[in-house]
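Step one of this worksheet: look at the structure below.
The values are calculated or read from the model by the stated rules, or taken from the named source; none is laboratory data. The structure presented is a predicted model; accordingly, all values stated were derived computationally and were not measured. As a convention, Cβ positions derive from the backbone with ideal geometry for all residues, glycine included, and neighbour counts pool all protein chains shown. The area values use the complete protein model at the heavy-atom level, side chains included, leaving out ligands, DNA and RNA. Shrake-Rupley method; radii C 1.70, N 1.55, O 1.52, S 1.80 Å.
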Amino acid sequence: MPYFIDVILPLPLQKRFTYAITEAEANFLEEGMRVAVPFGKSKVYTAIMAAIHQNPPQVYEAKPINQILDKNPLVTKHQLKFWAWIASYYMCAEGDVLKAALPGAFLLESESIVELKKDANVEEAEVGDEEYLVIEALQRQSSVKIQEVMKILDKKTVLPIINALVQKELVVLNQEIYEQYKPKKIRFVRLNPDYDNEARMHQLLDDLEKAPKQKEALLSFFSIKAQHKKPLKVKDLSDKSGVSAAIIKSLIKKKILEEFYEKTDRVTFSGESSQTGIQLSEIQQKAFSEIEDGLQDQDVCLFHGITSSGKTEIYIKLIEKVIANGQQALYVLPEIALTTQLIERLRAYFGDKVLVYHSKYSINERVEVYRHILEDSEKARIVIGARSSIFLPFANLGLVVVDEEHETSFKQFDPAPRYHARDAAVVLANLFKAKTILGSATPSLESYFNAQHHKYAFVELNRRYGNVLEPEIEIVDIKTKYKKKEMKGHFSDRMLAEIKETLDVGEQVILFQNRRGFSPVLECNTCGHSPQCPNCDVSLTYHSHNNQLRCHYCGYHIAMQKKCMACDSPEITTKGFGTEQIETELKAIFPDYKTARMDQDTTRGKYAYEKLITAFEQQEIDILIGTQMLTKGLDFRKVNLVGIMNADNLLNFPDFRAHERSFQLMLQVAGRAGRTKKRGKVLIQSYNPHHQIIQQVSMGDYAGMYKDQLEERYNYKYPPFYRLIRITLKCRDYSKTNEGADWLAAGMKNVFKENVLGPEFPPVARIRNEYHKNILLKIPQQQSLGKTKKILQRIMESFKAIGAFRSIKVVINVDPI
Ligand code: ADP
Ligand code: ZN
Ligand code: ZN
């Protein structure tokens, strides 16, 4: 009897493909191993073996595989199940999931490019003859394609050889370009462990009688350490105690203190855990116990804790229990680049048991993390990562924490799989019979609804840690302010007074404006024309720092125009304002203070966020102006004022979630103020100070917001009452887009009747010269989701069979955000 395997190819194919294997291969192969297989005319791909059987395929003849690439499975059985769930729930191909799930370096294909690794030590490495030939070729030319390797070695199955070279760290594949920036190392001091006993300590202090300044410095060191268990920065020691750098140096020279360095961002961390025993406050302890109790009978617990209530410490305690049990914990965050602070906190506590999975890591770093987790190594007890970390090969997951669960960036928008990491994390945890905690100060309506209906356990924490009061929120009516001429640029007199007061006492300010660039629209006073992107249906945004007009959808840009492009009139005005303009105005008003911007334009590089955050933490920046990037769980000690420049453009966004999101955004930025001792202050500038949402923000009234919004969702048939699937057609041909959308919508309306909305052009109907048109399917609670998707799939298949529509791309988005 012949043997066959079904494999998942890294391609958007609806089905698995079947290949023939020999009996010897059948004895060796296990599910989850990689195999190199021929596909198409002449290409070779790395595929994942997903099933073994003896049934030949019906409609084609199974080709033999080229080679087995692994000795042990690279993909676990849990992963294979999880992928299958993602593909079916989010209506995409398993191959799409595979590509999202595995680091690219695992997926060699015949068009991959091989390069010599920069610091490769070729002389000392042990390489086989064939491997040597590849190295030799790479010493002559900078890179070779896998196709060329086939020629060099005169054989087809070269992937194992390349794989071996990758493992030996001699070559790299398709190496990504990443910044050469070396993360800033921070200098710490600690006591030389030799003095870690009382007798020696007394001796030391006696010896230092002759060096009173050094003795004094040492005593300051102890008193600071007694207050904070965290590693002490050299800078902090001199700042807090007034000890001069020279004296610290002499203590280090005498080997009384030791200095050590830490990088803030690395795959593994070699430091010791320096923080022992977090003491939860009484109310934290209560929340902790409630979560544990809740998770006794339920798989998911929604943890609604206001900003700065100390949720992280509670997570740490929960994680501690799980890893003491020998299990792994996953901590998922919306934006890993923004979480240096959290990583530091976890590492201070758990030391080198924490691994970070970073979207900005290079291919090789990602491979390293993947392998640690697969091997269930001691380094992989706790994994912290952004949404794609749910795809890692956990062996023994016990707990998943989804922090800031309301964040919309948990949903992948493009390309497929368009999964929601929060929802998928719950499924992942279930596969392991593990528990999930969803945490937020402003939960999503969906999660809160689940908690209210007892699908999730629910725990609240309503007090800030240390009993710091929640910031005081003041609303500034800028309509009146403009009338009374009490505005300077985009700043009300109230805002300026508060900024000045804050800066005067040496504290910091955060200003929030949800638009980047200088001003969104440029308009001619004479004819009303505003410059448009030629590729997209949007106006160009003016950026003053490079004097450009840019499209935020496709990146198209031209130089700033001096005259109207339509009528040549020189009278051009700008409308609206972005972060850049705020910064320009501020610099003019507060020339003695340092400002910085945090938005997509200033945070492109691998370490750009970190540099900004570190600079702000160390008070090298006084005022930080930013977009919603600012809202994500940052914990700064010295921020006492938060200003929201314009609440209205959030509220007016054309989306059924706009109000919920405005509430979350405003409350989250507000939460950055006054986190330590003093009560913080928040100013919200708005043209509609009486808007229900702004009122609810100012009172921190989550329950009120929930109730109102839920009613609207009920009345207009939106989630959580109805599920949504959005279908987007994309095509360069305008009328074809319309025809296709009409056909598809008619087909859907036949079955789903009034629950089909559209087709409709979105607000930006053309992007990169492609027209977009949406159809929305609403699915009532009692309608089977599985059946609905099957029917939809069938309609899609008939659609794709129509020749005239072949040039139309169709994107299916389940649970769109
Ligand atoms: P949240 O995530 O709920 O906004 P954090 O976990 O960032 O709040 O906590 C706010 C601040 O209070 C942090 O600086 C944190 O270190 C501190 N904190 C919270 N709980 C404790 C505790 N039990 N012991 C010491 N510090 C704590
Ligand atoms: Zn004009
Ligand atoms: Zn454009």
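Table for the structure above
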{"read-out": "Ratio of the Cα radius of gyration of the stretch 635-765 to 2.2 N^0.38 Å, where N counts its residues", "value": "1.45"}
{"read-out": "Of all accessible heavy-atom area on the chain, the percent that carbon and sulfur account for (1.4 Å)", "value": "49 percent"}
{"read-out": "Area of His529 that stays accessible when all protein chains are in place (1.4 Å probe, Å², to 10)", "value": "60 Å²"}
{"read-out": "Largest to smallest accessible area among Arg675, Arg187 [probe 1.4 Å]", "value": "Arg187, Arg675"}
{"read-out": "Cysteines, the chain, no other Cys beta-carbon under 4.7 Å", "value": "Cys92, Cys301, Cys554, Cys731"}
{"read-out": "Environment charge at Phe39 (Cβ cut-off 10 Å; Lys +1, Arg +1, Asp -1, Glu -1)", "value": "+2"}
{"read-out": "Spacing of the two label points (7 Å from each Cα toward its C-beta) at Asp504 and Lys677, in nm", "value": "2.0 nm"}
{"read-out": "P(r), alpha carbons of the stretch 1-153 - 5 Å bins starting at zero, rounded %", "value": "2, 9, 16, 18, 17, 15, 10, 7, 4, 1, 0"}
{"read-out": "For peptides 137-143, 217-223, sequence by mean Cβ density within 10 Å, most packed first", "value": "217-223, 137-143"}
{"read-out": "Taking the convex hull of Cα positions in the stretch 432-496, its mean projected area over all directions (nm²)", "value": "8.4 nm²"}
{"read-out": "Lysines whose Cα lies under 23 Å from that of Lys484, excluding same-chain neighbours fewer than 8 positions away", "value": "Lys500, Lys575"}
{"read-out": "Whole-Å semi-axes of the ellipsoid equivalent to the stretch 282-463 (Cα gyration tensor, √5λ, descending)", "value": "24, 19, 16"}
{"read-out": "Under the Karplus curve 6.51 cos²θ - 1.76 cosθ + 1.60, θ = phi - 60°, whole-Hz ³J(HN,Hα) for the stretch 371-385, x wherever Gly or Pro sits", "value": "5, 4, 6, 4, 7, 6, 6, 4, 6, 10, 6, 10, 10, 10, x"}
{"read-out": "Reciprocal mean inverse distance between Cα atoms of the stretch 519-576 - Kirkwood radius, Å", "value": "11.2 Å"}
{"read-out": "Percent breakdown of C-alpha pair distances by 10 Å bin, ordered from the shortest bin, for the stretch 52-126", "value": "13, 29, 39, 13, 7, 0"}
{"read-out": "Length gained when the stretch Glu711-Ile283 is fully extended (0.36 nm per residue, less Cα-Cα span)", "value": "150.8 nm"}
{"read-out": "Overall dimensions of the stretch 722-814 by Cα: Rg and Dmax, Å", "value": "12.8, 40"}
{"read-out": "In Å², nearest 10: area of Asp299 left accessible to a 1.4 Å probe", "value": "70 Å²"}
{"read-out": "Cβ-Cβ FRET estimate between Ala226 and Val427, R0 fixed at 56 Å, reported to 0.05", "value": "0.75"}
{"read-out": "Whole-Å semi-axes of the ellipsoid equivalent to the stretch 185-263 (Cα gyration tensor, √5λ, descending)", "value": "19, 14, 12"}
{"read-out": "Spin-label pair His529/Asp236, simplified geometry with 7 Å Cα→Cβ offset, distance in nm", "value": "5.9 nm"}
{"read-out": "Solvent-accessible surface ranking, highest first, for His772, His557 at 1.4 angstrom", "value": "His557, His772"}
{"read-out": "Virtual spin-label span in nm between Tyr553 and Ser798, 7 Å along Cα→Cβ", "value": "3.1 nm"}
{"read-out": "Probe 1.4 Å - accessible area at Lys235, Å² to nearest ten", "value": "100 Å²"}
{"read-out": "Helix-only CD estimate at 222 nm, as mean residue ellipticity for the chain, using -39500 (n - 2.57) per DSSP H run (n ≥ 4)", "value": "-10500 deg cm²/dmol"}
{"read-out": "Cα-based radius of gyration of the stretch 641-716 once divided by 2.2 N^0.38 Å, which approximates compact folds", "value": "1.13"}
{"read-out": "Within-11-Å neighbourhood charge of Met49 [Cβ basis; K, R +1; D, E -1]", "value": "-3"}
{"read-out": "Residues of the stretch 529-546 with amide N under 20 Å of the 7 Å Cα→Cβ point at Lys563", "value": "529-532"}
{"read-out": "Highest-first arrangement of 189-198, 663-672, 281-290, where packing means the average Cβ count within 10 Å", "value": "663-672, 281-290, 189-198"}
{"read-out": "Whole-Å semi-axes of the ellipsoid equivalent to the chain (Cα gyration tensor, √5λ, descending)", "value": "44, 40, 29"}
{"read-out": "Rounded FRET efficiency, nearest 0.05, which uses the C-beta distance separating Asn688 from Val764 and R0 of 30 Å", "value": "0.75"}
{"read-out": "Modelled FRET efficiency - R0 51 Å, Asp537 with Lys151, Cβ distances, 0.05 increments", "value": "0.60"}
